[in-house]
Amino acid sequence: MDVIALSDPTDAQIEEWHSVAAAAWAWDRPGEPVPDLEHTRARLLIPPPASRNVMWAAVDDGGRMHGTAYLRLPHDAGRAAEIDVQVLPARRRRGIGTRLLAVAADRLRAARCGTVVAQVLAGTPAVPFLERHGFRRVLSLRVMLLRMDELDPVRLARLVADAPPGYRLIRWTGPVSEELAGELAMAKRAMADITVGGSSRWDPRRVRETAEAVEARGDRLYTVAALHGPTAAPRIAGFTEVVVSATDPERAAQYDTAVVPEHRGRRLGIWLKAAMLEWLRTERPDVREIETDNVDDNSPMLAVNAELGFRHQRDHLDYQADVADLPTLVR
Ligand SMILES: CC(C)(COP(=O)(O)OP(=O)(O)OC[C@H]1O[C@@H](n2cnc3c(N)ncnc32)[C@H](O)[C@@H]1OP(=O)(O)O)[C@@H](O)C(=O)NCCC(=O)NCCS
């Protein structure tokens, strides 16, 4: 088994990569819709902001892929990299995953990147694999799903009409306006306590670049925010974001939701989310369900989601390792 770098993957390599990912997905998440080829292509070819993608494949003598490794390498080596290793179900427990991880670790060391994170599904082989290789669990996320056809429009309208005094709603698609970018960055920093990977560094530029990256993939970002203060210089008290994928619009993804600490406890969270659901119901009838994940001890947000009709699906775990602890290549 050889490990080859895929610096500029061909169409055929992307297709083969996708078939490994689809087989791993179907094995670990039976019954879940498998992401399509275009999703894989966009993920491999369009790096997230301030990062580059580095990819490898484990191939046999005939050149057939048995496993893949994806590394999101941040330009700033002080920030955490992100890794995703996938091995065909029929080729597991033969050291392929370890080999791919060791190759990626070599690259991380060369880039002087000190920390790496991985997100995996609870109850799958990824958990003992990562724990065997020096990763520790830093976060548990509860994934919940809302079916749009189960929404009660009358109840939703009532929740939206029940505006907390002193606040008004604003909504937009794509990147935030220049005028509100600073405010949105500030509100996003309010989430720093619950996310791994440096969310406290949100600034107006990063806020806009992140939204531009979503749009560059062909996906659509919807944002609803609660404003307060004077019309000429409004402040953002809270916001919620949903992304509708171009390739799989049926299942939208809840992105960030945050209420700035001094505005918490006034039902702004449920008001914002209800307004988002009402907007999507009319604007995007192609969206059939919305998936969200929340830190499992974030009880206010879990309660808001349960009240809106979200149901528990599965748990995701965030793992982190010091690169120094990762396996090294046996040459
Ligand atoms: C996680 C994954 C990449 C492991 O690939 P792999 O090639 O089977 O891993 P290895 O053979 O190198 O396993 C190394 C060690 O990890 C541990 N391990 C891996 N799978 C395990 C399992 N199912 N149960 C218990 N321990 C396991 C063992 O300690 C194993 O050593 P051993 O076989 O000598 O006991 C593979 O199961 C996979 O593709 N999962 C789906 C994708 C995924 O969730 N990736 C996220 C990881 S970043």
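The values are calculated or read from the model by the stated rules, or taken from the named source; none is laboratory data. Since the model is a prediction, treat every value here as computed from it, not as a measurement. As a convention, Cβ positions derive from the backbone with ideal geometry for all residues, glycine included, and neighbour counts pool all protein chains shown. Side chains included, ligands, DNA and RNA excluded: accessible areas come from the protein's heavy atoms. Shrake-Rupley method; radii C 1.70, N 1.55, O 1.52, S 1.80 Å.
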*Residue count, segment 72-115 (criterion: assigned to a strand (DSSP E or B), of a type in the set (Val, Ile, Thr) and closer than 15 Å to Met55 by Cα)*: 3
*Could you check, for segment 62-76, whether at least one of its residues is at pLDDT below 95 and of a type in the set (Lys, Arg)?*
no
*Could you list all residues from segment 82-116 that are open to solvent by less than 40 Å² (accessible area, probe 1.4 Å), free of Cβ contacts under 8 Å to residues at least 40 places away in the same chain and more than 7 Å from the ligand (Cβ to nearest atom)?*
Ala111
*Of the conditions (1) under 19 Å from Leu156 (Cα atoms); (2) open to solvent by 80 Å² or more (accessible area, probe 1.4 Å); (3) without any contact (Cβ under 8 Å) to a residue 40 or more places away in the chain, Arg266 fails just one. Which one is it?*
(3)
*Can you tell which of Ala190, Ala216, Ala275, Ala233 is modelled with pLDDT under 95 and crowded, with 18+ Cβ neighbours inside 10 Å?*
Ala190
*asked:* Looking at (1) at positive phi; (2) free of Cβ contacts under 8 Å to residues at least 60 places away in the same chain; (3) open to solvent by 30 Å² or more (accessible area, probe 1.4 Å), which one does Gly166 not meet, given that it meets all the others?
replied: (2)
*Does any residue of segment 120-137 turn out to be of a type in the set (S, T, N, Q) and over 30 Å from Asp297 (Cα atoms)?*
no
*What single numbered condition from (1) closer than 30 Å to Arg72 by Cβ; (2) of a type in the set (Asp, Glu); (3) at pLDDT 95 or above fails to hold for Asp297?*
(3)
*Any chance you could count how many residues in segment 117-167 are within 18 Å of Val295 (Cα to Cα) and away from the ligand (no atom under 11 Å from the Cβ)?*
11
*Any idea how many residues of segment 242-298 are small (Gly, Ala, Ser) and assigned to a strand (DSSP E or B)?*
3
*Got at least one residue in segment 24-47 being polar (S, T, N, Q), open to solvent by less than 20 Å² (accessible area, probe 1.4 Å) and within 14 Å of the ligand (Cβ to nearest atom)?*
yes
